Structure formats: C-alpha cells, structure tokens
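Trainee: Attaching a single structure in structure tokens format; questions to follow.
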Amino acid sequence: MDQLLDVQLGLLRQADGSSLFKLNSTSVMVGVYGPTEVKPAKELSDRASLEVTYKPKVKQAGCREKLLEKNVQSAFDGVVLTELHPRTAIQIIIQELQDSGSLFSCCINGVCFALLDACVPMRSTLAAVTCVVDSEGEIIIFPTKRQEETALAVLNVAFESKEGAVISLSSSGVLTKSKFQDCITVCKSSCSKIFELYRIKMRQLCTKNAGSEC
Amino acid sequence: MSEVANIYSCGFRITQPREYQKKFLEAGVRSDGRKLDEFREALIGIGPVSTADGSALVALGETKVICGIKLEVAPPKVDKPRCGYIVPNVDLPPLASSDFRPGPPSELAQVSSQLMLEIVLKSKCVLLEDLCIAEGRMCWVLYCDLICLNYDGNLLDACTMALTAALCNVKLPKAFVNEETGAIEIDFKQKVPLNIRSRPVATTSSVFEKETLYVDPVREEEKHASLTVTVVTSNEISGSTVDSDNICVIHKTGGGSVNEEQIEQCISNGRCHTPFVLSLIGSALTKSEV
C-alpha cells in the first residue's frame, strides 16, 4: 500500500482550526469554527450541534453532497464531546479542492485534523478508509476516481482509535457477506497509518506552539 | 389499579421518554409489545394512483408511504447517450409528522432521496440501458415520487418497499424509430412491463446504548437509538428464482460505535426478513393483475 498522505494545519487564520488534507491526488480544505452561536431552530439543550457543510468545486451542492454531510456529521456526533458545550454549534466547512477518488475518507480524516487543530474535545480520533471491490474480485484501498466508477462495490468505513470500533459505514454495490467482511478486515488494518499520522502531526504542532510562545 | 398505573406510565412516557424506552429494551421487549427481532405488520397495495404510470402504497405499522412513478421522454445525458435516468424524490410533508416543517426539503428528505437512487442503481433493479429509446436522441425518464403520509419511524424500509413495488407496476409504451422517416414514434396503446432485474429489500436495525439491537424502530425508539444500520439486499431475479444472498447497500447513521458482531447481526436480520417481504410484494402484484 503506497499511499501519499499529507496534512497541513492552521492555514486559515480566521477559523478556530483548519486543515488541508491530501490523499494521493484528492485534497480537501476543512475549516472549523466552534463552539459558537447556534440558530434557535438547531439548538440542542444538552449538547453542541454539529453543522457540516460540504462545498463541491463545481456545480451547486445537491442531494449527493447532503448525504456526505450527513455521514460526516453522524460520524463526529459520536466522537466529539458535545455534552461539554450545550446550546452551541460547532461548524465544520469542507471545501473540495480536488476529487480524484476516496473523497469520503479524505473528508473524515481532514475534519478530524481540523477539530484537533481547533482544540475541540474528542473521545478518540477517527481514521476513514475507502476500498473498492473491482470486477476481478480484488480489494483495492484508497481507489482513484476511475477505479470507483468501474468497481463492483465501494465501501467507506471509519474506525475510532480507542477500541477500533466502526463509527461510520456505508457501502454501495453488490457484495456477498464474506466479501463484505473481508473488506472490513482489510480496511481495519490500513487505518493504522492514519492513526500514526495523527500522532506525528500533533507532536509537531505542540513543539511548534511551545517554541513560538517562548 | 390498572388505571392509576396507566396514568403514571403515560406521564412517565412524556416526561422521561428515554428512560421509558430503556425499561422495555433492557427487559428484551419493545414499548409496543413486540420482541426485539419482530417486525411490524406490512401491507402493500399496487396501483392506487390511476393517473401515475406505476404506483404503490405501503403501510409499515403506522408508517405510510405512497410511491407514484411518471414517465417522460427526454434527451439522454451527453456523457451517457445509451442510458435513460431515474429521479427518485422523497417528500416529507408536515402532514406526516410534527417533526417536519413546511419549506424546502429537509436533510432527512434529501438524504433519503439520495439513498433511494443508490438502492435502485446499485441493486440493478432497473438497468438504465433498458430505458433508452434511440441512442443519443431520446430516452425514458422515470420520476419516482415517494410521499410519506404518516411517519412512525423506519422511513427507509417503507420507501424501498414502495419504490420496488411501484417499479414492478410500471409499463413502458412501445417506442421505436421509424425506419423510413427516422422519426421516433411512441405507441401508447401497446405497453410492455418494465424489465425489473432485481427487487431490493431494506431492513433497518437500531442499537440502544451499545448493547441492545432491535429491528424496525418506531419514531419514539429512533430518537433515542445510538445508531441505526440499514441493510439492503439486492435479490436478483434469474428465471423464476430469486437470489437473495447479496447485499447492495449498507448505510449506518448515528454517532454510536458498532462492533463486527452487531454488523453481522444486522446483515443476518436483513437476509432473514427479505423472503417475507419478497413474498408480500409478489402476492400484491398477482392480486393487482387479477
């Protein structure tokens, strides 16, 4: 598995936290504002409400983008300690810079980095993996756009770091039960690289901050 | 004595809804008396809307969804000249529940619409190539409108059932290219049933507080579930047999974490429930043809 993973934090000055996450050719820029003021309609009395907006590069956002937003929001609803900030909103804005496949995992990982940069309290980090089953039955991790379009099935999974449990799961395309289970196993073993990246980046960020405050 | 208990339980249900659900689920039953793995009674009616080209009405307990399909002709999309297209739209009017407000489609409606499109395309229920009339010039467009008339939880299962049944009811007028003039002619008097290659069936399971897994949640249970998993089986039709081993869409919503045994349980719930729903759709279709 030879994947190019790169992330830069704190590029957006106005946002509380931001990240530019690159996975092979796909890249997204994520900005996080929060906890901040919430509209009365979306206010939750015991928790912060997570508002995710995804902006595609071309065209206006439609139902497909809404599904992606819902998946991201569901995933982080379970991980962010929203009980600490009731009656507030945590706004997450994802801007697509380039979509060359594996967009879902790029978004989840990018959002997690941005939340860490914004110091939003979380239970654990999330690592998302996209895999496809191609026409020959082979499982390919982090596919390109072309591979996603010609694949029999596409599977997006996000794992949390504490117990390795599945936080987000969406698959589309015909799969047998055993193939599905194989995909989950392969995805689980691939996410260790992303968890490693979180540690490296956080270490860099903390040493950089300590240095600049001296 | 039972009247007093009834008043207390009603009060408890309103003031402490989560605790109310918890008491039942921890004892292994549901608040409406069902077991954890029991589904509500489902009823399907085919063809209730005579002005539509295909329609079905589904009642899953108190959740009622009507699906109407209208056919139109249109030029195909430029990048896919040999394909028609399907446009599902889920409408959640304020009529159905106090949770829905008037105005533009809510997030739940948009997400459900997108999921319906994925289910129809990924299960290969209708192949878009079957909707082509003349390559690059004209194709059929199926506008599928799913309207929820009453919302009591488990929207996806009801919508999938309604959409599958309505698609089985659609008849395409015969369309052909006149060899002499090259013009496209459509004969509305000769109708051919749409070629349905598979019948997707959705099964939704929810988990309460990490441990209790139950199927077919009602509205009250959905609000307090930590996560919900919908498994859709594709059920390809080949000859007279239906192959119900394959899953075509899995969608998890909600922030709770799910372990692999629970995912397996959800998949097996889906596979066990599928033959029942398929026979329900089959018998509804045979009744409508009589």
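The values are calculated or read from the model by the stated rules, or taken from the named source; none is laboratory data. What you see is a predicted model, and the numbers here were worked out from it, not measured in a lab. When we count neighbours, we look across all protein chains shown, and the Cβ atoms used for this are built from the backbone with ideal geometry, even at glycine. Please note that ligands, DNA and RNA were not included when accessible areas were found on the heavy atoms of the full protein model with its side chains. Shrake-Rupley method; radii C 1.70, N 1.55, O 1.52, S 1.80 Å.
Trainee: Out of curiosity, is B:Ser234 among the small types (Gly, Ala, Ser) and within 10 Å of another protein chain (Cβ to nearest Cβ)?
Mentor: So B:Ser234 fits the description; yes.
Trainee: If you don't mind, another one. Do we have B:Ile281 as more than 14 Å from chain A (Cβ to nearest Cβ) and either among the hydrophobic types (A, V, I, L, M, F, W, C) or under 30 Å from B:Val73 (Cα atoms) (or both) here?
Mentor: When the stated conditions are applied, B:Ile281 passes them.
Trainee: Still on this structure, please answer the following. Residues in the range B:229-240: is at least one open to solvent by 30 Å² or more (accessible area, probe 1.4 Å) and modelled with pLDDT of 90 or more?
Mentor: No, the range B:229-240 has no match at all.
Trainee: Do you know which residues across the range A:140-175 are of a type outside the set (D, E, K, R) and out of contact with any Leu (no Cβ under 9 Å at 6 or more places or on another chain)?
Mentor: Result: A:Ile140, A:Ile141, A:Pro143, A:Thr144, A:Gln147, A:Thr150, A:Ala151, A:Val154, A:Gly164, A:Ala165, A:Val166.
Trainee: For the range B:38-54, check the following and say yes or no: at least one residue is among the basic types (Lys, Arg) and not in a helix (DSSP H, G or I).
Mentor: Within the range B:38-54 (the criterion being among the basic types (Lys, Arg) and not in a helix (DSSP H, G or I)), the answer is yes, since at least one residue qualifies.
Yes or no, residue by residue, for (1) free of Cβ contacts under 8 Å to residues at least 24 places away in the same chain; (2) surrounded by fewer than 24 Cβ atoms within 10 Å (Cβ to Cβ); (3) closer than 27 Å to B:Val232 by Cβ:
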residue: A:Leu103; (1), (2), (3): no, yes, yes
residue: A:Cys119; (1), (2), (3): no, yes, no
residue: A:Asp134; (1), (2), (3): yes, yes, yes
residue: A:Lys162; (1), (2), (3): no, yes, no
residue: A:Ser171; (1), (2), (3): yes, no, yes
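Trainee: Being of a type in the set (A, V, I, L, M), crowded, with 24+ Cβ neighbours inside 10 Å and more than 14 Å from chain A (Cβ to nearest Cβ): is that true of B:Ala183 here?
Mentor: When the stated conditions are applied, B:Ala183 does not pass them.
Trainee: Just checking, does the range A:136-151 include any residue being in contact with a Lys or Arg (Cβ under 9 Å, 6 or more places away or on another chain) and open to solvent by less than 10 Å² (accessible area, probe 1.4 Å)?
Mentor: Checking the range A:136-151: not a single residue is in contact with a Lys or Arg (Cβ under 9 Å, 6 or more places away or on another chain) and open to solvent by less than 10 Å² (accessible area, probe 1.4 Å).
Trainee: Name the strands (runs of 3 or more DSSP E) wholly inside the range A:1-73 in which the number of residues that are aromatic (Phe, Trp, Tyr) is 1 or more.
Mentor: Strands (runs of 3 or more DSSP E) meeting the threshold: A:17-23, A:26-36, A:49-55.
Trainee: Restricting the range A:96-129 to residues that are over 28 Å from A:Thr207 (Cβ atoms) and outside any helix (DSSP H, G or I), which is farthest from the other protein chains (Cβ to nearest Cβ)?
Mentor: Within the range A:96-129, the match that is farthest from the other protein chains (Cβ to nearest Cβ) is A:Gln98.
Trainee: Given the criteria farther than 25 Å from B:Glu118 by Cα and open to solvent by 20 Å² or more (accessible area, probe 1.4 Å), does A:Arg64 qualify?
Mentor: no
Trainee: For the range B:73-154, which fully contained strands (runs of 3 or more DSSP E) count at least 2 residues that are more than 14 Å from every other protein chain (Cβ to nearest Cβ) and at pLDDT 95 or above?
Mentor: B:138-150
Trainee: Go through the range B:197-210 residue by residue and tally those that are open to solvent by less than 10 Å² (accessible area, probe 1.4 Å) and touching a residue at least 60 places away in the same chain (Cβ under 8 Å).
Mentor: Number satisfying all stated conditions: 7.
One line per residue, one yes/no per condition, for (1) touching a residue at least 40 places away in the same chain (Cβ under 8 Å); (2) aliphatic (A, V, I, L, M):
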residue: B:Ala162; (1), (2): yes, yes
residue: B:Gly182; (1), (2): no, no
residue: B:Lys189; (1), (2): no, no
residue: B:Asn195; (1), (2): yes, no
residue: B:Thr212; (1), (2): yes, no
residue: B:His224; (1), (2): yes, no
residue: B:Thr233; (1), (2): yes, no
residue: B:Ser238; (1), (2): no, no
residue: B:Val249; (1), (2): yes, yes
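Trainee: In addition: Being within 28 Å of B:Leu127 (Cα to Cα) and either loosely packed, with under 14 Cβ neighbours inside 10 Å or touching a His at 6+ places or on another chain (Cβ under 6 Å) (or both): is that true of B:Val78 here?
Mentor: Criteria met by B:Val78.
Trainee: Kindly indicate whether any position in the range A:21-43 is polar (S, T, N, Q), within 28 Å of A:Ser189 (Cα to Cα) and open to solvent by less than 40 Å² (accessible area, probe 1.4 Å).
Mentor: yes
Trainee: Let me ask another. Restricting attention to the range B:207-223, which residues are within 17 Å of the chain's Cα centre (by Cα) and in a strand (DSSP E or B)?
Mentor: B:Val215
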